[in-house]
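As structure tokens, the structure follows; a few thoughts come after it.
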Amino acid sequence: MIVKMNRITLLGMEYQRDELTKALMGLGIVEISSIDIEDYREIIGNPDVQTELQRIETELSQVDSSLSCLNKYSPVKKPMFAGRREVTVSDFNNIVKNSETVRNSVKQILEKEEHLINLKTEENKLNNLYLSLLPWKELDAPLEYKGSHKTVFQYGTLPSVIEWDLVQSELYEKVPDSYIEKINSDKDQHYLFLIVHKDSEQECLSYLASKGYNRVAFAGLTGTVADNIIKINKRIEEISSEREKTIEQIKNMSRNRNAIEVLYDWLLMEKGRLEATERIIKTNRVFQITGWVPERNALDVKKFLESKFIVSVEIEEPGENEEFPVLLENRGIAEAGEPVMQMYSLPNSREIDPNSVMAPFFIMLFGLMFSDGGYGLILSLITGIILWRFKLEDDMRKFMKLMFFCGISTMFWGLMFGGWFGISALVEYAVWFDMVSEPERLLSWSLLFGVVHIYAGFALKAANLVREKKYLDALFDVGFVYIFYTGAVFFLLPYIPAVNPDKVVPLVNAGKYMLVIGGVLLILTQGRAKKNIIGKITGGLSSIYNVVSFLSDVLSYSRLLALGLATSIIASIVNQLGVMFDMPIVLKVIAATLILLIGHLINFGINVLGAYVHSCRLQYLEFFGKFFTGGGEAFNPLKINTKYTKLKSNAEYEMQPMHTA
């Protein structure tokens with residue numbers, strides 16, 4: 001159900017504003033709304049928290065980077081489905097009080113990480129330099145040598161496609177006072193050095209340039225190539241040692257991880273408080289907060305605030321057509337359906353929460369598509385153990401609860417159809433019938449389930465209209481639609497697989513009358529919003545065409561047959577593959593075990609995903625499309641919102657204040 005909300009307005013003294021917002025954060029049940037003050041900017045305004053907010057966001061980023069660094073170099077193995085770490089308020093406050101020590105740890109971790117980055121950059125440069133020097137390793141001349149008073153000395157390269165002997169002979173012929181020697185060659189280039197008299201330099205270089213010559217300069221390097229390679233290798237070893245030492249220092253700092261996580265959560269809480277503070281309006285002496293609070297908590301909040309602060313609190317019910325934030329509160333199966341609906345949209349605050357109707361249908365349809373009772377048993381066992389053994393966050397708990405119920409539904413349908421791990425010998429014990437041998441029968445029932453599901457959607461539409469006291473609209477838009485669509489269903493019964501046409505003649509005859517009566521009623525009422533008679537008739541006639549969309553929606557439920565058969569048939573094929581090989585008994589047992597485990601695991605994974613996706617689709621399109629308005633804004637109270645820790649006490653509003661660095 002959707003929790004009823006009351007509007008709350010607080011008028012308090014400006015000097016108590018920070019403490020009051022912290023108290024509201026501790027309560028965690030008051031949403032602060034924005035107030036439009038455009039016409040009163042000269043006398044009132046919003047608190048200026050941008051500077052503080054930017055500072056906190058910067059520090060949050062730094063703390064997050066330090067935790068990422070710790071997780072990279074000193075990861076912590078957490079149990080599967082581990083929730084946030086529980087911390088008492090007193091321990092949390094002690095860390096907050098001594099935050100300078102924690103901040104120093106963050107600073108040191110970031111400095112170490114930056115040092116590692118610098119080492120990596122230097123190492124990359126050295127490796128590139130090493131690779132560039134490697135072809136010259138046979139060169140004995142010092143790299144800084146540029147020639148004598150009368151000669152020029154250069155290093156360079158020529159494309160390997162150039163014939164070296166030809167270049168050498170032609171150069172000596174054209175420039176006699178020159179000398180060229182090849183140091184090395186690879187598939188791309190010849191590596192060489194050149195000595196030439198200064199008077200012949202231009203002539204020599206012009207000739208070599210025509211052959212693709214490129215000069216190579218070893219800027220900043222002295223000594224021979226061999227000397228430089230030794231230096232590079234030595235420095236790379238030093239970098240490696242220094243890196244290991246730095247990583248070890250970071251690992252030692254991981255003892256402060258818990259405190260750093262607390263600091264992160266405190267900063268996150270302060271960020272949320274400051275963002276909410278921006279929505280407060282104030283003058284020099286007073287401030288005003290407007291927002292929403294659950295109706296059941298409104299008087300307690302008013303009493304608490306007025307006892308702690310100099311404040312006036314006014315509680316009001318929302319206006320007749322005023323929308324308010326949506327807070328869902330369900331139990332049992334309805335609660336399990338919330339994750340499915342929230343992926344689509346929250347309901348409008350003025351409509352009925354559909355979870356109590358949608359969730360049972362989702363679970364039933366999921367089980368029918370997954371269909372194998374053995375798979376359902378595994379799904380229920382896994383999710384049941386997770387729910388029992390782990391403290392899950394609320395959203396994960398609801399999802400696991402949904403999957404637990406879906407597993408039970410799958411076991412029920414497995415019992416009805418005799419499907420247990422695809423074992424053919426168990427099919428004869430089916431309580432209802434074998435879907436594989438009677439697919440037409442299952443198709444007929446699938447379409448019937450679709451009609452019931454869609455009609456439930458229309459029923460919710462009628463309930464919403466009645467809730468709004470639109471009784472005639474409920475009759476015209478749902479009651480008359482029921483008559484017309486039911487007539488269409490009855491009239492088409494002879495064309496449904498596994499239906500005996502002779503036995504449904506009375507229903508077919510009734511369907512004809514219902515089609516006519518329902519059609520006339522729709523024509524007379526569905527255009528009622530139009531102003532002229534032609535518009536009314538046109539609107540009524542167009543509503544008749546909606547039966548095509550209805551029948552199309554019903555046909556969508558044939559996927560129940562398709563997915564149910566897919567699970568059962570694939571499971572049966574896996575079983576056949578496991579025993580079909582003719583080999584020694586030991587190898588046969590091993591092969592059969594592997595085939596059965598892998599095959600059923602793949603079948604389980606693919607079809608549990610398929611059943612979930614297609615069950616969602618049937619809710620979103622065929623079911624929600626009949627009534628759901630949606631578009632509700634989630635209730636977002638100012639509360640302690642943490643990432644790593646979970647406070648045990650209910651006295652969180654007594655959190656210690658702390659100045660950000």
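So here's what we get for this one:
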| quantity | calculated |
| --- | --- |
| GluC sites (Glu not before Pro) lying in DSSP loop within the stretch 150-228, provided at most 16 other Cβ fall within 10 Å | 163 |
| Average accessible area per residue (Å²) across the stretch 521-661 - probe 1.4 Å, nucleic acids and ligands excluded | 56 |
| Principal-axis tilt of helix 505-525 within the chain, Cα atoms, nearest 10 degrees | 80 |
| Cβ-defined net charge surrounding residue 209, 15 Å radius [Lys, Arg +1; Asp, Glu -1] | 0 |
| Descending semi-axes in Å of the stretch 329-376, equivalent ellipsoid built from Cα gyration tensor | 24, 10, 8 |
| Nearest 10 degrees, 0 to 90: helix 225-253 Cα axis against the chain principal axis | 40 |
| Normalised contact order of the stretch 132-277, rounded percent, pairs of Cα under 8 Å and 6 or more residues apart | 29 |
| Proximal aspartates and glutamates to residue 146, defined as alpha-carbon separation beneath 15 angstrom and excluding residues fewer than eight positions away on the same chain | 201 |
| Volume per residue that the Cα convex hull of the stretch 375-518 spans, once the total is divided by residue count, Å³ | 135 |
| Candidates per trypsin sites (Lys or Arg not before Pro) in the stretch 337-411, loop by DSSP, up to 14 other Cβ within 10 Å | 391 |
| Alpha-carbon centroid distance for the pair the stretch 478-504 / the stretch 397-454, whole angstrom | 24 |
| The stretch 525-567: chymotrypsin sites (Phe, Trp or Tyr not before Pro) in DSSP loop, at most 13 other beta carbons within 10 Å | 545 |
| Computed helical MRE - 222 nm, the chain, DSSP H runs ≥ 4 contributing -39500 (n - 2.57), nearest 500 | -19000 deg cm²/dmol |
| Volume per residue that the Cα convex hull of the stretch 1-106 spans, once the total is divided by residue count, Å³ | 214 |
| Packing-based ranking, highest mean first, of 111-120, 362-371, 289-298 given that Cβ atoms within 10 Å are counted | 362-371, 289-298, 111-120 |
| The stretch 238-297: radius of gyration and largest Cα-Cα distance (Dmax), Å | 22.4, 68 |
| Residue pairs, from the table 302/648; 398/470; 251/401; 150/231; 303/391; 401/469, whose Cα atoms sit over 29 Å apart | 398/470; 251/401; 150/231; 303/391; 401/469 |
| Calculated diffusion of the chain, Stokes-Einstein form, Kirkwood radius summed over Cα pairs, 25 °C and 0.890 mPa s, µm²/s | 74 |
| Cα gyration tensor shape for the stretch 355-438, rounded if a/c is under 1.5, else prolate or oblate | oblate |
| Environment charge at residue 391 (Cβ cut-off 10 Å; Lys +1, Arg +1, Asp -1, Glu -1) | +2 |
| Gap separating the Cα centres of the stretch 125-155 and the stretch 298-316, nearest whole Å | 83 |
| C-alpha long axis of helix 99-133 to longest principal axis of the chain, angle in ° | 50 |
| Taking only Cα atoms of the stretch 208-276, radius of gyration then Dmax in Å | 25.8, 73 |
| Kirkwood Rh (inverse of mean 1/r, distinct Cα pairs), the stretch 106-194, angstrom | 16.2 |
| Relative contact order of the chain, pairs being alpha-carbon contacts under 8 Å that are 6 or more residues apart, as % | 23 |
| Cβ crowding within 10 Å averaged over residues, with 616-626, 318-328 ranked highest first | 616-626, 318-328 |
| Carbon plus sulfur fraction of accessible area for the chain, probe 1.4 Å, in percent | 58 |
| The stretch 337-460, relative contact order in percent, only Cα pairs under 8 angstrom and at least six apart counted | 26 |
| Kirkwood hydrodynamic radius of the stretch 501-600, from inverse mean 1/r over distinct Cα pairs, in Å | 18.9 |
| Cα centroid separation, the stretch 1-21 to the stretch 31-98 (Å) | 21 |
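The values are calculated or read from the model by the stated rules, or taken from the named source; none is laboratory data. Values in this document were obtained by computation on a predicted structure and should not be read as measured data. Using ideal geometry, Cβ is built from the backbone for each residue, glycine included, and neighbour counts are taken over all protein chains shown. The area values use the complete protein model at the heavy-atom level, side chains included, leaving out ligands, DNA and RNA. Shrake-Rupley method; radii C 1.70, N 1.55, O 1.52, S 1.80 Å.
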